Amino acid sequence: MIQSMTGYGKHIVQLPGKKITVEVKSLNSKNLDINARVPQTYREKELDFRNAIARSLNRGKIDFSLFVEWTGDQTTAEVNEGVVRKYMEQLRGIAAGEPAHLLEMALRLPDALKTEREELDPEEYKAVEKALEEALRHLQAFREEEGQALESEFTSRLAALRANLQEVEALDKDRLSAVRERLERAVAELKENVDANRFEQELIYYLEKYDITEEKVRLGKHLDHFEQTMGAPESNGKKLGFITQEMGREINTMGSKANDAAMQRVVVQMKDDLEKIKEQILNVL
């Protein structure tokens, strides 16, 4: 089942005096790249958070954010009164101003507030762990929903490629005969005597260079392989990318061998559909 690498999950925990919000966002990346933003109190647990995310999400650029909002009367920050008074004296000596204005300026300066280190409550940490699990679950659900949209897009493009392949096969039935007729006509117009056996050998060699039977067969098998991989239990965007590369080789070879305007137009359409698949493959987990 296809999953997208794009996802978003969020969960909020309401504790006495605190509101804790956990957010996890995922974007495209070849590997797993985790960026974590956590308050100072939770720094010691950052590695545990990263390991939990890595166990759940094996690819993507992951942004993990943990926000703690105080909703009660408690606070870990206090005004450093002595420092603020000293700042105000210095500011008053530099420029005149209202005390309220000087106080506002002083509070913005370094060390105006002193913060006591808050010890992490084990029960609070358990609640945050569960919140992270929920956020990851929401993100996985988002990825699966996006994956269904991608699968629908791929199915539509594959159907178009199969239809174009059938058109190529129909055009190919008369293509080599037309090429042969053009060559025979060209030789006849030269009004030169040629060795019939040698001419036939050279003609066969020439026509073999334009034969696309193998390319048509291989392209059909690649289309089947792509569909089978889409239906596999695990999403495998890298494998789908490799298959599209092989499909591109066969389509390009058919185009170079076509030597037929109608077939070239079909091949161009196939390249367009394949390019759209390649663009979306980048979003697949």
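With label points built 7 Å along Cα→Cβ from the Cα atoms of Gln14 and Gln264, find their separation and express it in nm.
Once both label points are built, they end up 6.9 nm from each other.
Determine the shape class of the range 30-112: with a ≥ b ≥ c the square roots of the Cα gyration tensor eigenvalues, call it rounded for a/c under 1.5, and otherwise prolate if a/b is greater than b/c, oblate otherwise.
On the way: a/c = 4.25, a/b = 2.93, b/c = 1.45.
In terms of gyration-tensor shape, prolate.
For Arg249 paired with Arg85, estimate the spin-label separation in nm (one decimal), with each label point 7 Å from Cα along the Cα-to-Cβ line.
8.1
Between Glu133 and Ala159, what is the FRET efficiency for a Förster distance of 35 Å, r being their Cβ-Cβ separation, to the nearest 0.05?
Numbers: r = 39 Å, r/R0 = 1.12.
Calculated value: 0.35.
When you count, for each residue, the other Cβ atoms within 10 Å and take the mean per peptide, how do 245-251, 29-35 rank with the highest first? Could the numbers behind the result be given before it?
On the way: 245-251: 18.6, 29-35: 12.6.
Ranking, from highest mean packing down: 245-251, 29-35.
First measure r as the distance between the Cβ atoms of Tyr125 and Asn35, then evaluate 1/(1 + (r/R0)^6) with R0 = 25 Å and state the FRET efficiency to the nearest 0.05.
On the way: r = 21 Å, r/R0 = 0.84.
In this case the efficiency is close to 0.75.
Taking the mean number of other Cβ atoms within 10 Å as a proxy for protection, how do you rank 275-285, 227-237 from highest to lowest?
Details: 275-285: 17.8, 227-237: 14.9.
Per-residue mean Cβ counts within 10 Å order the peptides as 275-285, 227-237.
May I ask you to order 36-42, 139-145 by the average number of other C-beta atoms within 10 Å around their residues, highest value first? The partial results should precede the final answer.
Numbers: 36-42: 14.6, 139-145: 17.7.
Result, highest mean first: 139-145, 36-42.
Past 22 Å, Cα to Cα: identify those pairs from Lys18/Lys126; Lys209/Lys239; Lys30/Lys278; Lys19/Lys61, in the order given. Mind dumping the intermediate values first?
On the way: Lys18/Lys126 14 Å; Lys209/Lys239 31 Å; Lys30/Lys278 15 Å; Lys19/Lys61 26 Å.
Violating the 22 Å limit, Cα to Cα: Lys209/Lys239; Lys19/Lys61.
How would the range 238-285 be classified by its alpha-carbon gyration tensor: rounded, prolate or oblate, with rounded meaning a/c under 1.5 and the a/b versus b/c comparison settling the rest? Could you put the intermediate results ahead of the total?
Details: a/c = 5.70, a/b = 2.20, b/c = 2.59.
It comes out oblate by the Cα gyration axes.
Per-residue HN-Hα couplings for the range 83-97, Karplus 6.51 cos²θ - 1.76 cosθ + 1.60 at θ = phi - 60°, whole Hz, x for Gly and Pro?
5, 5, 4, 5, 4, 5, 4, 5, 5, 5, x, 8, 8, 6, x
Each value in this text was obtained by applying a stated rule to the coordinates, not by laboratory testing. Just so you know, these numbers come straight off a predicted model, no measurement behind them. Neighbour counts run over all protein chains shown; Cβ positions are idealised from the backbone, glycine included.
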